[in-house]
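Derivation of every value follows stated rules applied to the coordinates shown; laboratory data play no part. Predicted model, so just to flag it, every value in this text is computed and none were measured. In this analysis, Cβ positions are derived from the backbone assuming ideal geometry, glycine residues included, and neighbour counts consider all displayed protein chains.
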Amino acid sequence: MFGDQLADAGDPRGELIAIEQRLAARDDDDGADIDDETRALWKRRHALVEANQARWLGDEVAAALALPGRELGRVLTWRYGYLERLSLWFSYETDKESFEQARARMTRQVGALLDCDAARFLRSFACSVSEQGHIDDLVQVIARTPRAVTALELSCWAREVDQPAVGTARCDALAHALPALRQLKLHGARMLQTLRHAALETLQLDRADALDGLLEDNNDIARDDAPELPALSHLDLALRNSPYYTPVDATQPPRLVTLLCNPAMPALRSIDLSRNDDCSEPLYQPELLAALAERRPETLLLPTPLGEHAADALRAQAGALSRIAKLSMPRLYTHASAVSEDALREMLPALQIEAVLPHRPSWAVRGREVLEVNSGDKSECVWVGFASLMELIEEHWPALGAPQRAAVDGLIAAYEEIDYYDEGDGRPLRAELRRAPLRAAFEAMGLDDEAAPYWLNGRIVEMYKVLCDERHDTIDIEKVWGW
């Protein structure tokens, strides 16, 4: 009815509401294939948003975004003519503006977007900054008025960490401003000193020291600074959040025990450590495994075991760990694991290994490794970052059937055998692979003739288009050094 009233008043939000309701009904139609009418609805929706979003955001936002300096990166997701999700990333060029100028610009730009009328129903907000000193200002902007946000993600990709975490007073203000918050993600070192939130259910930390207070024994810090997360049921911890960071002092076993068994999280039922496949040595220490077994969460997700002592530590705690209701390892990289698959299954019969990946893991792929794909015409070649390709394969590996796995394995094996340079050690410089099986495998990983998922690496999409070229039965691949 509200949409009809808006339409009668000439407000384009009325038509947008009607279109989005029709699209929502079609999404519920048991996965029916997309048809021409649905495509037309999406096209009209896109046109309405493009034509009106500047007006919906308002003049204050336009003025803030026009400030001199590097453009504020942003992705806006609209629903019914209002912002539902907002993702921002802020950085600056030191030769064009000072730190203080950038600080003022960030405060103005982020504040204008968060405070505009179009953001009144905002549910998800993510913001990334490149300097640790900007986190405190970012938290202050978010906390200056109550908001309906249920999911918050804060990231800092600074190479140097030389500032203290956001202090207790501002952390408390943040919690008070977001009473509906249910999910919090923190990426970076020393983001928040503490957090006291009565309703937060899910916490993701990328670096063990992202929420400093959880690393401290409550007896060692002032009562007013101690974290309190009485409703938290799920904790997802990665010890580091990018190749630029190495594990910090916070990854020492006693401090990790304090974090994972902190009394500030009395309702914790699920602990996910599986995103530590590249640095799991600190997690496979006897005292940490013993503490986890004693806490006995309902669900414990483990990473691939690395380190020479991993097998002994697992064997020592096998009985206690087996009493956890769901003990799982989402991925086991047999190429890197310090413990074989057979040994793991023998030590921990209750362990659910969801995907066994025999190839080199994506985190072991150097960032400049590039796969070149062409269908016989070098002018149409596509370069794909091999790490991105491996991440896609790893994500979908459990759902692939035997033929698709064989095709993907063939691609990986051929790539590993190819040499980079003519003056190499005698290995082949290129390989020829059958096109159709690879196309089927990539379609099983979420690609189709119409479009690719919005999150997918654009070069992988171009590679898929080569696989769809039915003029050729095979494709050629080479290994090259990229950008």
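Worth a mention:
- Rounded to the nearest 20 debye, the dipole size of the stretch 300-383 about its Cα centre is 280 debye, using +1 on the Cβ of Lys and Arg and -1 on the Cβ of Asp and Glu.
- Computed FRET value (nearest 0.05) for E298 with H335, which takes r as the C-beta separation and R₀ as 30 Å: 0.45
- Nitroxide proxy distance, nm - points 7 Å out along Cα→Cβ at D342 and R144: 6.5
- Recomputing volume of the Cα convex hull per residue in Å³ from the coordinates shown identifies the correct label among [x] 147; [y] 194; [z] 273 as [y].
- Partner lysines whose Cα lies under 30 Å from the Cα of K43, excluding those fewer than 8 positions away in the same chain, are identified as K465.
- Burial order of peptide ranges 95-104, 391-400 (average beta-carbon count within 10 Å, highest first): 391-400, 95-104
- Straight-line reach from K96: taking Cα to Cα under 29 Å and skipping same-chain neighbours fewer than 8 places apart, no lysines fall in range.
- Beta bridge orientation in the chain: antiparallel %, DSSP, nearest 5: 35
- Were the residues from D11 through S270 laid out at 0.36 nm apart, the gain over their Cα-Cα distance would be 88.6 nm.
- Stretch gain in nm, segment D162-A180, where the contour uses 0.36 nm per residue and the Cα spacing is subtracted: 3.3 nm
- With R₀ set to 30 Å, the beta-carbon distance separating R26 from A62 gives a calculated FRET efficiency near 0.30.
- Its relative contact order, with pairs defined as Cα atoms under 8 Å and 6+ residues apart, puts the chain at 7 percent.
- The stretch between R70 and E84, if pulled fully straight at 0.36 nm per residue, gains 2.5 nm over its current Cα-Cα span.
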